[in-house]
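The values are calculated or read from the model by the stated rules, or taken from the named source; none is laboratory data. Values in this document were obtained by computation on a predicted structure and should not be read as measured data. Virtual Cβ from ideal backbone geometry, glycine too; neighbours counted across all protein chains shown. Accessible surface areas use protein heavy atoms only, side chains included; no ligands, DNA or RNA. Shrake-Rupley method; radii C 1.70, N 1.55, O 1.52, S 1.80 Å.
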Amino acid sequence: MVVTAERESAAEARAPTSFVSVIDASEHATEGETVSDALAESVGVQVRRFGGLGAFSTLSIRGSSSNQVQIYFDGIPLSRARNETINLADLPLDSLERIEVYRGTAPVGFSGGGLGGVVNLVTKPPSATAHTELGVSYGSFDTRKAIASHSRQLRSVDLLAHVTYLGSEGDFRFLDDRGTRENPHDDRRASRRNNAFDSVEALFKGGSTLPNGLRLDLTSEAFFKDQGVPGPGNVQFPDPWLREWRALNYLRGGQEGLLDALDASGTVFGIYERTEFRDPKGDFSRLPQDRRDETTLVGGNLAGTYYPVASHALGWFSEAVHERFAGFDAKAPQSDEPDQTRLHLSLALQDQAALFAERLLVVPTLRYEHLRDDVSATFDIANRPSAQRERHATDLWSPSIGAQIYVSPWLTLRGNVGRFQRAPNFSELFGSRGSVRGNPDLHAEDGIMRDVGFAATPEGDRRLKLRLEYAYFNNDVDDIIVMIQTSPNFFTPRNVGGARIRGHEVALRTTLLGRVALDLNYTHQDAENRSASPNFRGRQLPGRPADEVYARTQLFAAQGELYYEFNLVSGNFTGERNLNRIPTRDVHTLGAVARVFDRLTLSVEARNLTDNQISDVGGFPLPGRSYFGTVKFRF
């Protein structure tokens with residue numbers, strides 16, 4: 001007897017009742033793309049870009065703010081206590097195997113659930129067979145990319161080395177409205193200045209399975225980026241620049257079948273990050289800056305799953321992380337900034353209970369987090385570090401429950417409800433040398449997240465494969481932290497009411513005759529501001545488009561493939577008063593891949609075919625029509 005079916009992904013196995021998207025990184029790594037480009041095409045996800053390739057990009061899931069989404073690298077937390085917002089443009093893509101997006105509830109294997117969900121970047125595993133890949137890409141705006149990858153087995157050790165270089169001049173032409181959007185008569189065509197960047201990412205992995213079944217994996221990742229910071233399109237700055245370093249290392253050990261009913265793993269990790277920002281003329285603030293910020297993080301976790309009986313799987317996860325942030329501004333050396341530290345302890349428990357002959361799966365989860373913050377000094381009214389020491393402790397509880405009903409072999413119903421929280425970060429609690437004054441009395445943001453939907457894979461003719469997923473989500477968030485202008489020069493973070501975000505998600509994938517494929521993602525959301533202020537209450541949250549569509553049609557064969565992509569993002573507001581609006585935009589992409597020999601692949605791609613002059617965040621232009629080509633050689 002032969003049974004043919006799609007294999008369940010590792011992400012779906014970890015979170016069977018959640019709505020999960022798994023992005024194949026290899027489908028996006030052929031041209032000059034980053035993680036932000038891959039995520040932007042996923043259902044339920046909105047990416048906000050402050051410019052073109054390499055520019056600062058943030059992530060929103062189901063209408064959340066960017067600091068409410070937790071991002072992980074092979075399960076190692078990347079979100080920081082200083083500011084949880086992660087620049088997606090600094091995350092690797094070519095070295096990844098896949099990207100897991102957990103919308104709403106998250107599995108037990110992460111230290112935090114996140115009000116907006118979880119994104120986990122999963123790196124490529126080493127290969128037991130020798131494999132080498134070389135590739136180069138070149139395109140518009142002097143964009144260039146080079147990759148080199150080698151994997152092999154040396155005795156009993158699997159090894160992988162991967163290096164990616166990505167850079168661009170970024171000098172694309174755009175329509176400059178000169179800050180007067182309502183007056184088209186002074187518009188002009190301009191070139192982006194001070195927008196060049198160069199980046200290098202290196203990944204090294206080694207793994208071995210010992211005779212007793214214990215698997216050990218060692219991973220080291222390093223990243224460097226040097227870039228100009230041009231500012232908005234109508235007021236470009238020629239001088240500011242930014243340099244970034246990241247070094248991430250972890251050792252993980254795991255074994256399955258301990259005592260015949262236990263799978264367990266443990267990880268120890270360390271991260272060092274450094275940023276240097278120079279703004280000699282004070283273009284981004286009132287005063288010149290020459291900053292050097294450093295973050296060091298060490299931690300470890302233990303996780304496991306116990307199978308007491310066939311119908312239950314009891315999982316747990318515990319982690320301890322110590323993080324330290326230290327900042328220094330050479331323009332004000334007489335007053336060093338205070339050290340800020342956070343101890344983060346987390347414990348999560350989960351049960352996957354299969355009932356009624358496994359037709360009903362119930363997954364209750366309880367997550368507890370304790371955060372202890374310590375800062376050596378705070379900023380006084382004159383914006384100088386004082387001698388006063390501050391300590392702040394927060395306890396977070398995140399209970400949730402999910403259920404899945406197997407209606408038939410091809411149809412499942414699922415739903416989840418849970419409470420999730422976000423603790424204030426260092427900037428919000430203690431302030432900074434800039435324009436932010438801390439507020440140690442802040443409460444954690446608190447949200448009730450709900451979703452319900454189905455996944456269908458209809459059975460029928462083998463020549464047609466179809467998967468359809470639908471989800472309705474309804475989220476209420478209270479005690480949202482926002483920056484309130486308390487004086488002409490300063491902002492203070494405060495808890496100001498909440499938000500109600502409702503929406504629909506539809507994801508369709510179909511393959512016909514093994515030669516034609518169609519992917520379609522549609523997201524609709526209504527992100528209502530529930531603030532107590534009559535000026536904002538009832539209005540739409542800024543930066544949350546009501547509708548977003550992504551479609552990809554692909555014709556493929558053994559010799560290559562042709563594809564067309566369409567992306568539409570509806571207009572959205574730039575401010576809480578809903579006065580200024582970014583217009584609706586659509587982008588068309590056409591590409592082709594040719595496999596000349598078994599080892600040689602050529603590909604070309606044309607983006608934004610209609611040369612749509614667009615922006616994602618008000619004032620920061622995106623590139624118009626552009627072309628890219630890639631050559632890859634495998635042996």
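For segment 139-245, give the percent of accessible area contributed by carbon and sulfur heavy atoms, probe 1.4 Å, rounded to a whole number. Kindly include the intermediate steps, with their values, before the conclusion.
On the way: 2960 of 5240 Å².
Here carbon and sulfur together make up 56 percent of the probe-accessible area.
What's the magnitude of the charge dipole for the chain around its Cα centre, counting Lys and Arg as +1 and Asp and Glu as -1 at the beta-carbon? Answer in Debye, nearest 20. Write out the running numbers ahead of the final one.
Values: 71 positive and 81 negative charges, 105 e Å.
Dipole of the chain, to the nearest 20 debye: 500 debye.
What aspartates and glutamates does K281 reach when the alpha-carbon gap must be under 16 Å and sequence neighbours fewer than 8 apart in one chain are set aside?
Reachable aspartates and glutamates: D239, D290, D329.
Give me the number: length gained by fully extending T275 to H312, i.e. 0.36 nm times residue separation minus the C-alpha to C-alpha distance, one decimal in nm.
Details: separation 37, 0.36 × 37 = 13.32 nm, distance 4.66 nm.
Full extension of this stretch gives 8.7 nm more.
Going from the alpha-carbon gyration tensor of segment 1-152, what semi-axes, largest first and in whole Å, does one get by taking the root of 5 times each eigenvalue? Write out the running numbers ahead of the final one.
Values: eigenvalues 123, 110, 40 Å².
The answer is 25, 23, 14 Å, longest axis first.
Put K281, K124 in order of accessible area, largest first, 1.4 Å probe: what do you get? Mind dumping the intermediate values first?
Numbers: K281 140, K124 65 Å².
Greatest to least solvent exposure: K281, K124.
Quick one: putting +1 on the C-beta of Lys and Arg, -1 on the C-beta of Asp and Glu, what dipole do you get for segment 515-593 around its Cα centre, in Debye to the nearest 20? The partial results should precede the final answer.
Details: 9 positive and 9 negative charges, 72 e Å.
Dipole size: approximately 340 debye.
What fraction of the Cα pairs in segment 79-123, stated in percent, has a spacing above 17 angstrom?
Numbers: 392 of 990 pairs.
Across segment 79-123, Cα pairs with separations above 17 Å total 40 percent.
Take the Cα atoms of segment 476-635, find their three principal axes, and give me the spread along each one in whole Å, biggest first.
65, 34, 32
Helix-derived [θ] at 222 nm for the chain: sum -39500 (n - 2.57) over DSSP H runs of at least 4, divide by residue count, nearest 500?
On the way: 3 runs with 16 residues, N = 635.
Result for the chain, helices only: -500 deg cm²/dmol.
Which pairs break 19 Å Cα to Cα here: K124/K205; K205/K225; K465/K632; K225/K331; K225/K632? Show your work: numbers first, answer last.
Numbers: K124/K205 9 Å; K205/K225 22 Å; K465/K632 30 Å; K225/K331 23 Å; K225/K632 24 Å.
Check vs 19 Å cut-off fails for K205/K225; K465/K632; K225/K331; K225/K632.
If segment 289-373 were replaced by its equivalent ellipsoid, with semi-axes equal to the square roots of 5 times the Cα gyration tensor eigenvalues, what would those be, largest first, whole Å? Provide the component values of the computation, followed by the final result.
Numbers: eigenvalues 419, 24, 17 Å².
After diagonalising the Cα gyration tensor, the semi-axes are 46, 11, 9 Å.
Of the heavy-atom accessible surface of segment 559-635 (probe 1.4 angstrom), what whole percent is carbon and sulfur? Please report the intermediate quantities before stating the final value.
Numbers: 2350 of 3890 Å².
Of the solvent-accessible surface of segment 559-635, carbon and sulfur hold 60 percent.
Convert 25 °C to kelvin, take the viscosity as 0.890 mPa s, use the Kirkwood radius over C-alpha pairs of segment 200-318 as Rh, and evaluate the Stokes-Einstein diffusion coefficient in µm²/s, rounded to a whole number. Numbers along the way, then the final one.
Numbers: Rh = 18.1 Å.
Taking Rh from Cα pairs, D becomes 135 µm²/s.
Provide the per residue accessible area, probe 1.4 Å, for segment 1-131, rounded to a whole number of square angstrom. Spell out each step's value before the answer.
Working: 3700 Å² over 131 residues.
In whole numbers, segment 1-131 has 28 Å² accessible per residue.
Please express the shape of segment 466-528 as an equivalent ellipsoid: the semi-axes are the square roots of 5 times the eigenvalues of the C-alpha gyration tensor, given largest first in whole angstrom. Present the calculation step by step, with values, prior to reporting the outcome.
Values: eigenvalues 363, 41, 9 Å².
After diagonalising the Cα gyration tensor, the semi-axes are 43, 14, 7 Å.
Å³ per residue of the Cα convex hull, for segment 68-192? Working shown, then result.
Values: hull volume 21.2 nm³, N = 125.
Convex hull of Cα atoms, per residue: 169 Å³.
Name the residue from F573, L175, A330 whose Cα lies farthest towards the positive end of the charge dipole of the chain, charges +1 on Cβ of Lys and Arg and -1 on Cβ of Asp and Glu.
Going by the Cα projections, it comes out as L175.
If only Cα atoms are counted, what is the Rg of segment 547-635, and what is its Dmax, in Å?
17.3, 58
Which value in Å does the Kirkwood hydrodynamic radius of the chain take, with 1/r averaged over all unlike C-alpha pairs and then inverted?
On the way: mean 1/r = 0.0385 Å⁻¹.
Over the chain, the inverse of the mean reciprocal pair distance is 26.0 Å.
Normalised radius of gyration for segment 128-276, please: alpha carbon Rg relative to 2.2 N^0.38 Å, two decimal places. Spell out each step's value before the answer.
Details: Rg = 23.2 Å, N = 149, 2.2 N^0.38 = 14.7 Å.
Working it through for segment 128-276, the quotient is 1.57.
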